[in-house]
Amino acid sequence: MSVQMTHIKHLVVIGTGLIGGSLALALKRAGCVERVTGVGRSVENLKEAVRLGVIDDFSHDIAAAVSDVDMVLLAVPVAACDQVFAVLATSLPDKAIVTDAGSTKQSVMASAERYLSDVSRFVPAHPIAGTEHSGAAAAFAELFENKKCILTPNEQTDTKAVMQVQAMWEAVGARVKIMSAAEHDDVLAAVSHLPHLAAFAIVNAVGKSDHAFRFAAGGFRDFTRIASSSPEMWRDIALCNQQSIVDKIDALQEELTVLRNALNTHDGDALLDKFTSAKQARDIWMSKYGDKL
Ligand code: NAP
């Protein structure tokens with residue numbers, strides 16, 4: 001697919017947090033956008049976004065904000081997409097393109113289909129980039145450089161709209177991949193959603209004792225960094241990709257059961273097998289992809 005240059009006259013970012021704010025900053029830095037309007041709930045976050053130059057102006061009224069828009073980005077927690085699409089259904093100008101940054105794709109696409117009479121100009125997207133911080137103050141222009149962004153168009157999606165969204169993400173340094181929403185949700189359940197739930201669970205299990213926390217060091221910090229992510233965002237991701245995540249939790253539980261049994265029977269060979277295969281798999285992954293993370 002050949003990609004064109006991006007020029008956006010008016011971008012509306014619904015959900016002016018880490019992801020929406022970072023895309024706005026990066027597009028501004030690349031000279032690809034003339035005006036960015038932020039939409040959100042709290043006036044403090046939106047005022048901070050203006051102060052930091054993330055957005056040019058803001059509104060709490062989605063319909064008013066999109067009246068002359070050419071690109072809309074939904075960057076709200078995924079379960080909030082329903083209420084956003086419900087308003088866009090009656091307010092979106094004909095030629096406007098809508099995209100999103102949600103961490104689950106089948107749920108967001110189902111949400112678009114529930115409300116929009118024409119889903120052809122909705123291009124689902126998920127940048128595989130982020131931090132554990134939230135809000136406009138956490139946004140930075142370099143976030144997407146050399147990171148993957150997955151688009152999950154289906155047969156109804158307009159090819160030109162896909163090309164425009166691809167060009168937008170490439171303009172901020174992302175490497176665009178296209179796959180089905182089902183594949184996206186299965187893969188991301190394994191490499192992102194399960195590790196987040198495991199990190200929340202480990203911190204809760206260990207955090208029952210403040211005494212243990214006092215002795216936690218770098219390994220614990222590295223393993224649990226993502227447990228500092230937004231609880232609201234992760235509640236939505238978990239509920240919106242429920243079946244895939246349950247499958248991955250089952251797989252993790254099976255692995256833990258093998259380790260537990262090996263410990264109970266003092267089976268050092270079984271432990272060595274499991275630790276060696278995990279080390280080999282991770283080392284190969286890091287040597288192949290470590291410099292692209
Ligand atoms: P964030 O920093 O918490 O930003 C979300 C923004 O949405 C907040 O500024 C919040 O503003 C606003 N918001 C929340 N509910 C809203 C609603 N009902 N209507 C309007 N605005 C609302 O979160 P984020 O990390 O940017 O994540 C945004 C999206 O990107 C999520 O769908 C997430 O799954 C996805 N994503 C996140 C990451 C990551 O690592 N963080 C990576 C890739 C994709 P107020 O609180 O002021 O209302």
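The values are calculated or read from the model by the stated rules, or taken from the named source; none is laboratory data. Quick caveat: nothing in here was measured; it's all calculated off a predicted structure. Don't worry about glycine lacking a Cβ; one is built from the backbone with ideal geometry, like all the others, and counts go over all protein chains shown.
Out of all the residues in segment 143-154, is one or more within 24 Å of ALA86 (Cα to Cα) and away from the ligand (no atom under 15 Å from the Cβ)?
yes
With within 16 Å of ALA101 (Cα to Cα) and touching a strand residue (DSSP E or B) at 6+ places or on another chain (Cβ under 7 Å) as the only criterion, which of VAL165, VAL172 stands out?
VAL165
Name every residue in segment 57-66 that is more than 10 Å from the ligand (Cβ to nearest atom) and touching a strand residue (DSSP E or B) at 6+ places or on another chain (Cβ under 9 Å), in order of residue number.
ASP57, PHE58, SER59, ASP61, ALA65, VAL66
Looking at segment 84-101, which of the residues that are touching a residue at least 60 places away in the same chain (Cβ under 8 Å) and within 14 Å of the ligand (Cβ to nearest atom) is farthest from the chain's Cα centre (by Cα)?
Among them, the one singled out is VAL84.
Residues to consider are VAL76, VAL69, VAL54; find the one that is part of a loop (DSSP other than H, G, I, E, B), near the ligand (Cβ under 10 Å from one of its atoms) and not basic (Lys, Arg).
After applying the criteria, what remains is VAL76.
Quick grid of which residues meet (1) over 22 Å from ASP61 (Cβ atoms); (2) in contact (Cβ under 8 Å) with a residue 60 or more places away in the chain; (3) more than 13 Å from the ligand (Cβ to nearest atom); (4) buried (at least 19 other Cβ atoms within 10 Å of the Cβ):
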| residue | (1), (2), (3), (4) |
| --- | --- |
| LYS105 | yes, yes, no, yes |
| ALA110 | yes, no, yes, no |
| VAL119 | yes, no, yes, yes |
| GLY135 | no, yes, no, no |
| LYS160 | yes, no, yes, no |
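Scan segment 25-51 for residues that are outside any strand (DSSP E or B), surrounded by 13 or more Cβ atoms within 10 Å (Cβ to Cβ) and away from the ligand (no atom under 11 Å from the Cβ) and report the count.
8
Can you say whether VAL54 is out of contact with any Phe, Trp or Tyr (no Cβ under 7 Å at 6 or more places or on another chain), surrounded by 17 or more Cβ atoms within 10 Å (Cβ to Cβ), touching a residue at least 40 places away in the same chain (Cβ under 8 Å) and farther than 17 Å from ASP185 by Cβ, as far as the supplied structure shows?
Here the answer is yes, as VAL54 does meet what is asked.
I need a count of the residues in segment 79-103 that are hydrophobic (A, V, I, L, M, F, W, C) and surrounded by fewer than 16 Cβ atoms within 10 Å (Cβ to Cβ).
2
Would you say ILE19 is crowded, with 24+ Cβ neighbours inside 10 Å, in a loop (DSSP other than H, G, I, E, B), β-branched (Val, Ile, Thr) and modelled with pLDDT of 95 or more?
no
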